[in-house]
Structure formats: C-alpha cells, structure tokens
Amino acid sequence: MLGKDSLKYNGARRRDKAPFPWPRAPLTLSAMTDPRIGIIGAGNMGLALGAGLAAAPAPRARLVISDRNAEKRARAEDLGVSATDDNEALARESDVLILAVKPQHLKALCATLAPALERARPLLISVAAGIRVEDLDAWLGGGQWIVRAMPNTPALLRAGTSVLYAGAGVPARERALAETLLATVSRVFWVPEEALMDAATAVSGSGPAYLFLFLEALIAAGAKAGLPPALAADLARSTTLGAARMAEGGDVDVATLRARVTSPGGTTERAIASLLADDFPGMMARAVAAACARSRQLSAEWGAS
Ligand SMILES: NC(=O)c1ccc[n+]([C@@H]2O[C@H](COP(=O)([O-])OP(=O)(O)OC[C@H]3O[C@@H](n4cnc5c(N)ncnc54)[C@H](OP(=O)(O)O)[C@@H]3O)[C@@H](O)[C@H]2O)c1
C-alpha cells in the first residue's frame, strides 16, 4: 500500500487539513478555486474524467486517481494523472472525492471509506448508475455532502454531457463546485428530482453507445452498398459529426433539420420511410426504457442499505 505521504496531487503540493472540523466547516476558498480532487476507480469513466480534468486549464488540476488494479494505475499515469492504491488516504486528503467504481462495488468501498470520510468530509460526487444519494449517505454513516453525476465517456475529450443531482443539504457553493468541475469536461444539466437520473442515464450516460452502434450499422450498410469499407467509415463518421454540429445549438429543432434534408420524392425520403416502417422511433423508445429499467433495477439490487 502506498502511504498517505506518497499522494502527489498533480501540479501542486498537498496542504495540511484542519483537524476534525465538527460541525463541518464549508470548503475553504482554496478548495473552491484549486481543489484537491480524488477519483476512486480508474476504469472507463474514472479515467475519462481524470484525463479530462487533468487537461483542463482551470480549475488548476490537483488530481490523484486510485485503483486496486496496477494496470489501471499505469494507464492513468500514462495519461498524466497521478495514481495510488490507497483509497483511505485519498479520502482523507481530497476536497472533492469522485466515486467511479461499478454500482455493485460501491457499498463495499463505502464501508472502507466511512471512517476516513467521517472526519475529512469532502464534497462527494458519485457517478455510479442507479445508486441513490440516500443509500450512499447511509453507507457512509450519514451527513455527507453528496452530488450524483451521470457523465459520459466523451468527457475524455472534454466533450462530455453530465446530468447532476444534489442531495439534501449540499450548500449552493459546493453545488457550484461540482458544476465547475464537471463543466471542465462536459456540458452540465441539473435535474430537480433524483428519479430523473434513471432517464438521464438512459439518454446521455448510455447515449454514446447508441451512436456508436448507429455508426457501426451505417458503415456496414455503406460497405454493403459497394463503398470500400474505409471510405464508408470516413463518410459515416464525418457525416455524424457534421449533423451533430448542426443539431448542437438547438436553434432549429431536429425534426425541422431532418425535414430540410428530406426532399419529396428523393433518396433520403425513401430511406426515412424505410426506417419508420421498421419503427425506428419505437426501437429507440424501447432501448431507452430498457436502460431506464436497468438503472432502477441497479438501485434495487445494489443500492438497498
Ligand atoms: N462507462 C461509462 O460510459 C459510464 C458512464 C456514466 C457513468 N458510469 C459509471 O461509472 C462507474 C464506473 O464505470 P466504469 O465503466 O468506469 O467501470 P470500470 O471500467 O469497471 O472501472 C472501475 C474501476 O474501479 C476499480 N475498483 C472497484 N472497486 C475498487 C476499490 N474498492 N478500490 C479501488 N478500485 C476499485 C475496478 O477494479 P476491478 O476491475 O478490479 O473491479 C475498476 O478498475 C459505474 O458506476 C458506472 O455506472 C459509467
């Protein structure tokens, strides 16, 4: 195990923490402007967030990622993020602690972190699908500031989308800090009710996978239609990017954008008619409903206290 003193936050020296502030003190100004960020879990999401935050110009990244897996720690170091295997030291030393392990591993992790967090009281951000604030707080002994975030993997390129929900009692300043951090790697949207996190997970958390599947299918279809596969891939990728940029601003709704490229009697109209005949909207609705149901199931399976 690496010791407490081995934590080297990227880019800055660790400062001493006030001993046992109780009742809890708000985060200090330097924690708000220059927070020491710990991430536990250097998997797909933890690494995407870590690498994105490390690359962000502000707030100045003081970042350590923890994982029990040596290979994952090495990957983090390759991406320029300091790594440790000492979760508890990280919990004690961070102003903001991001929990990025699988939902099924979260309860066991919380049991090991609870004593350290009882004293340290960082702002906690959980990215785990399905696990409710109430359950997390109960696992951690109560009284923690917890924000749930559902980011997605384009955070790696600082082009992610995150949906946030703040548990009761998280002060406005700490909510703003959570937003500032996630905003370095993603566009941020708040939801007022935790129940909406399931649907948000189904749309934006899982969404990149739907688009990748769409791309896979379009590339395969292009190749089947006679294009060299590499050209089919280039056309599909480039078209997706261009269309996404047209949709991005939201000035024109997407149905209108579609209508504008669908000339009566033209090629696009035939393709769209084929997709609608195959109930493409129904397929998407069923896919999103399935992801939503799985998110609720994860709460029931892994979230109950
Ligand atoms: N992937 C996405 O696109 C995405 C999007 C939004 C939200 N999320 C959420 O992000 C979380 C992580 O997902 P992921 O896909 O990144 O999972 P992942 O690839 O499995 O990464 C999690 C990492 O955490 C490690 N870990 C587990 N328990 C640990 C502990 N107690 N101490 C230290 N390390 C520990 C795991 O090690 P082992 O491999 O040894 O278990 C693994 O390396 C999930 O809760 C998921 O719901 C994911």
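The values are calculated or read from the model by the stated rules, or taken from the named source; none is laboratory data. This structure is a prediction, so every number in the text was calculated from the model and none was measured. Note: ideal-geometry Cβ built from the backbone for every residue, glycine included; neighbour counts use all protein chains shown.
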Before we move on, is D135 assigned by TED's automatic domain parsing to the domain that holds A55 and either within 25 Å of D34 (Cα to Cα) or within 9 Å of the ligand (Cβ to nearest atom) (or both)?
no
State whether the residues of region 253-267 include one that is in contact with a Leu (Cβ under 7 Å, 6 or more places away or on another chain) and in a helix (DSSP H, G or I).
no
Inside region 232-268, can you point out the residues that are over 17 Å from L215 (Cβ atoms), exposed (fewer than 12 other Cβ atoms within 10 Å of the Cβ) and among the basic types (K, R)?
R260
Select from region 274-305 the residues that are over 24 Å from the mean Cα position of the chain (by Cα), part of a helix (DSSP H, G or I) and surrounded by 11 or more Cβ atoms within 10 Å (Cβ to Cβ) and list them in ascending order.
L275, L276, F280, M283
Positions within region 190-221 being hydroxyl-bearing (S, T, Y), in contact (Cβ under 8 Å) with a residue 60 or more places away in the chain and under 15 Å from P151 (Cβ atoms), in sequence order
T201, S206
Restricting attention to region 129-144, and to residues there that are in contact (Cβ under 8 Å) with a residue 60 or more places away in the chain and hydrophobic (A, V, I, L, M, F, W, C), which single residue is surrounded by the most Cβ atoms within 10 Å (Cβ to Cβ)?
I131
I'd like to know if region 278-289 contains one or more residues that are out of contact with any His (no Cβ under 6 Å at 6 or more places or on another chain), free of Cβ contacts under 8 Å to residues at least 60 places away in the same chain and farther than 29 Å from A129 by Cα.
yes
Taking region 176-189 and keeping residues in contact with a Leu (Cβ under 8 Å, 6 or more places away or on another chain) and either without any contact (Cβ under 8 Å) to a residue 60 or more places away in the chain or β-branched (V, I, T) (or both) leaves E179, L182, T184, V185, V188, F189
Selected residue [assigned to a helix (DSSP H, G or I), of a type in the set (K, R) and touching a residue at least 12 places away in the same chain (Cβ under 8 Å)] from R237, R270, R245:
R237
Residue check for T161: in contact (Cβ under 8 Å) with a residue 12 or more places away in the chain, more than 16 Å from the ligand (Cβ to nearest atom) and either surrounded by 14 or more Cβ atoms within 10 Å (Cβ to Cβ) or within 21 Å of M283 (Cα to Cα) (or both)
no
Could you list, in sequence order, the residues of region 141-158 that are within 14 Å of the ligand (Cβ to nearest atom) and either assigned to a loop (DSSP other than H, G, I, E, B) or among the polar types (S, T, N, Q) (or both)?
P151, N152, T153
Which one of D95, D137 is under 24 Å from A51 (Cβ atoms), acidic (D, E) and in contact with a strand residue (DSSP E or B) (Cβ under 7 Å, 6 or more places away or on another chain)?
D95
Would you point out the residue of region 82-105, among those that are in a helix (DSSP H, G or I) and more than 7 Å from the ligand (Cβ to nearest atom), that is nearest to the chain's Cα centre (by Cα)?
Q104
Test set (1) of a type outside the set (D, E, K, R); (2) within 12 Å of the ligand (Cβ to nearest atom); (3) closer than 29 Å to A89 by Cβ - A202 fails condition number:
(3)
Given the condition within 22 Å of A129 (Cβ to Cβ), out of contact with any Cys (no Cβ under 7 Å at 6 or more places or on another chain), charged (D, E, K, R) and at pLDDT 95 or above, answer yes or no: does some residue in region 269-277 qualify?
no
Residue among A42, A116 that alone is touching a residue at least 12 places away in the same chain (Cβ under 8 Å) and not in a helix (DSSP H, G or I):
A42
For region 74-81, check the following and say yes or no: at least one residue is without any contact (Cβ under 8 Å) to a residue 40 or more places away in the chain, surrounded by fewer than 24 Cβ atoms within 10 Å (Cβ to Cβ) and either in a strand (DSSP E or B) or basic (K, R) (or both).
yes
